[in-house]
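Below is one structure, written out as structure tokens; the observations come after it.
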Ligand SMILES: [Zn+2]
């Protein structure tokens, strides 16, 4: 099963996502697990940690996750198992988790960036 979707990402610690993320996923059943593979691409905006200039950068993530579709629901409503609610697969939840986990620890504009630390592409306005 293939999923192609646009998912809005909630802002996180000063990092804003003005446009929805582009999500492309392939879902497979594998040994009773739900295997999710694909890519998620988002454009993030934040202020440079040094000069507070607004920085825009791309977040590209390769998703490679496995979920237990029979996992105990209701155990932790905010846990990772919540992405799979029975047979319903929550693309928005997964995209949010994957994108947030891939965000850089600090945001720097092109003048202050240390390119060895950040693999994300920078665009200056
Ligand atoms: Zn700066």
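Evaluate the following for residue 118: is it away from the ligand (no atom under 15 Å from the Cβ) and either surrounded by 15 or more Cβ atoms within 10 Å (Cβ to Cβ) or modelled with pLDDT of 65 or more (or both)? Against the criterion (away from the ligand (no atom under 15 Å from the Cβ) and either surrounded by 15 or more Cβ atoms within 10 Å (Cβ to Cβ) or modelled with pLDDT of 65 or more (or both)), residue 118 does not qualify. Out of 83, 99, one residue alone is at pLDDT 90 or above and more than 16 Å from the ligand (Cβ to nearest atom). It is 99. Consider region 31-64 and keep the residues that are in a strand (DSSP E or B) and at pLDDT below 90. The one that is farthest from the ligand (Cβ to nearest atom) is 33.
The values are calculated or read from the model by the stated rules, or taken from the named source; none is laboratory data. Everything numeric in this text was worked out from a predicted model, so none of it was measured. In this analysis, Cβ positions are derived from the backbone assuming ideal geometry, glycine residues included, and neighbour counts consider all displayed protein chains.
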